Amino acid sequence: MADEEDCAGREQVRAGALTASQVQGNEEEIKVGHTGMDTDVVIAGAGPTGLMLACELRLAGVDVVVVDRLAEPTGESRAGGMHSRTLEVLDQRGVLDRFLAVGELQGVGHFSGLRLEFDESESRHPYPLMILQSTIERLLEEWAAELDVRVRRSSEVCGIRQDEFGVAVELRTDQTAPETLRARYLVGCDGGRSTVRKLTGIDFPGTPATMTSLIGDVELPDLPEDYIWGRRCPGGDYSVIAFEPGWYRVITTEHGGVADRDEPTTFEQLRESLVRIAGTDYGMHSPRWVSRFSDAARQAARYRKGRVLLAGDAAHIHFPAGGQGLNMGVQDAVNLGWKLASTVRGQAPVSLLDSYHTERHPVGERVLHNTRAQAALARPGAHTDALRDVFAALIVSDDVNQYLRGMLTALDIRYPADGDHLLAGRRVPDADLKTADGATRVYELLHAARPVLLDLRGSAQVASAAEGWADRVDLVEARSEDDHWPVPAVGEIPAPTALLIRPDGHVAWAAVGAPDVNALRTALATWFGPAASAPARRA
């Protein structure tokens, strides 16, 4: 364990994300021991998951190095959007405006091409944001640079050695001899073919591919419509979507044949596939990039093995129906980041890391399950057509629409939690609050990526119970502007009198009426380690 100094009294930013200088200040106070270590955490993979995790760790003052085998970002558009829960996460860190400024909100969604409606009462950000993965990566890397995250490119993981104190990560670089970085932990965010997962010996069970999809960004001068969404044909289905002026994303899916995963993908293959399905290529030319995917669905048997953890596509792959993959990876990172930081800093036991698998593995299972269902609903043929007709009639039901909407957006996720309060384990609603300093929102209290104990009744009992955790938990006294809070998949519930919010925005404990201080102390100790002797600090 690292040797840490008490970090009581360090200043946190309430109005926005921490700056690089403030993170450096945190480092000076916590004094994480680096004896024999090059860094606290090595992250393999500079995609959205890896970059988000790096930012989460740096906000907590943890030293991190991101390594990536590529010399520079690919610039490939790949994933095309972010759902409500991911937008909420970015809002909780004070950086959402950067993404909203360059993306486009989409008023509707779909389940295997069948239209879904969204509910504005469930979130401040109910609609998907259409934004290309390349843009997401650029914005995350800019934020990471502000936080002084070190990103090392042309550095490929080629060996891993663990012991009880840390991990030696061997890197193949553009230098003659391999280089070794020693860290306390290694996190593999290096994609579906994860080298970290393979070198660590973590099984990757699941179901193999049954079909082939091609995707590319091209120019289409002869497209007669603004876009084509999920058009089903006897030979398969295709979509043509405009993400940027003059450029279209073409996606084709053909069933019954599986391409060799190591076979190069070409523009000509995409053109020929569209001709087979649609009878025309719409004059496509000037491809920016082309790629291939399938409905293979696999998930790591365990998300942690010793000091090595997995997140994002390294932990789970699936058919990209509903645009859930990138979102799940970012949410993996936010779930893991604060737990890993607390462990590195010696504030919480190593066993806290086990809750990462406990909470996120079932989420991955559910996404694999619903994407298999969506792939099945997309197959051509009279039997599937009949099934889609029945499903389309059901999906207009509010209950069915709500169920599918909550699943795709991840707004309905509830982690295991003690207590019977309806908020326990769920993501906290972004309620309007009034403090002594003026109006604010719950999510603004989470910009510093610290736990928040929100006291909505000015209870001396709550303040007293929190005294031992003042170095880790911000105690905030406020009043709710509303008597009831909306909770997806539940409805409106009475506003709580107090609640303990984890850095990832999920509720660890909540009370209505007089608080159960013993339950509160148990929740504080469970999630944030044993009590210290410092007095409570009100933020």
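A short reminder: the numbers here are calculations on the coordinates, not readings from a lab. None of these values were measured; they are calculated from a predicted model. A quick note on method: Cβ atoms are made from the backbone with ideal geometry, for glycine too, and the neighbour counts reach across all protein chains shown.
Remarks
- Judged by the gyration tensor of its Cα atoms, with axes a ≥ b ≥ c, segment 211-294 is oblate; a/c meets the 1.5 cut and b/c is at least as large as a/b.
- The GluC sites (Glu not before Pro) found in segment 468-539 that occupy coil by DSSP, while having at most 13 further C-beta atoms within 10 Å, are E481.
- Relative contact order, whole percent, for segment 211-294 stands at 44, derived from Cα pairs under 8 Å and 6 or more residues apart.
- Charged side chains reduced to their Cβ positions (Lys and Arg at +1, Asp and Glu at -1) give the chain a dipole of some 1060 debye around its Cα centre.
- Around E76: net Lys/Arg minus Asp/Glu count, Cβ-Cβ under 13 Å: +2
- Here the spin labels are modelled as points 7 Å beyond Cα on the Cα-Cβ line, and at R153 and W247 they lie 1.7 nm apart.
- Modelled spin labels at R161 and D38, positioned 7 Å past Cα toward Cβ, are 1.3 nm from each other.
- With the charge dipole of segment 211-294 set up from +1 on Lys and Arg Cβ and -1 on Asp and Glu Cβ about the Cα centre, the Cα lying farthest toward the positive end among the listed residues I228, G246, T280 is that of I228.
- Span-like helix check, the chain: qualifying full DSSP H segments, with Cα axial length of 27 Å or more and mean Kyte-Doolittle of -0.5 or more, are 325-344.
- Each Lys and Arg contributes +1 and each Asp and Glu -1, all at the Cβ; summed about the Cα centre of segment 131-199, the dipole is approximately 280 debye.
- Antiparallel DSSP beta bridges within the chain, as percent of all bridges there, nearest 5: 75
- Toward the positive end of the charge dipole of the chain, with +1 on the Cβ of Lys and Arg and -1 on the Cβ of Asp and Glu, the farthest Cα among L114, G166, F319 is that of G166.
- Stretch in the chain that is longest and holds no chymotrypsin sites (Phe, Trp or Tyr not before Pro) that DSSP places in a loop and that have at most 13 other beta carbons within 10 Å: 228-539
- Anisotropy class of the chain from Cα gyration tensor, a/c 1.5 cut: oblate
- Cut-off 14 Å between beta-carbons: net charge of the residues surrounding E141, Lys and Arg +1, Asp and Glu -1: 0
- Mean separation of Cα contacts under 8 Å, 6 or more apart, over the residue count of segment 432-528: relative contact order %: 28
- Where labels lie 7 Å past Cα in the beta-carbon direction, separation of I493 and A514 in nm: 2.2
- Reported to the nearest whole Å, the Cα centre-to-centre distance from segment 439-498 to segment 63-137 is 27.
- Judged by the gyration tensor of its Cα atoms, with axes a ≥ b ≥ c, segment 432-528 is rounded; a/c sits under the 1.5 cut.
- Multiplying the residue separation of D432 and R115 by 0.36 nm and subtracting their alpha-carbon distance yields 111.0 nm.
- Over the chain, relative contact order from alpha-carbon pairs under 8 Å, at least 6 apart, %: 16
- Within the shell defined by Cβ-Cβ distances under 9 Å, the residues around A508 carry a net charge of 0, with Lys and Arg each +1 and Asp and Glu each -1.
- Where only DSSP H runs of four or more residues are counted, the chain gives -9000 deg cm²/dmol as its mean residue ellipticity at 222 nm, each run worth -39500 (n - 2.57).
- Checking every one of the trypsin sites (Lys or Arg not before Pro) in segment 167-253 against DSSP loop status and a limit of 11 other Cβ atoms within 10 Å picks out no site at all.
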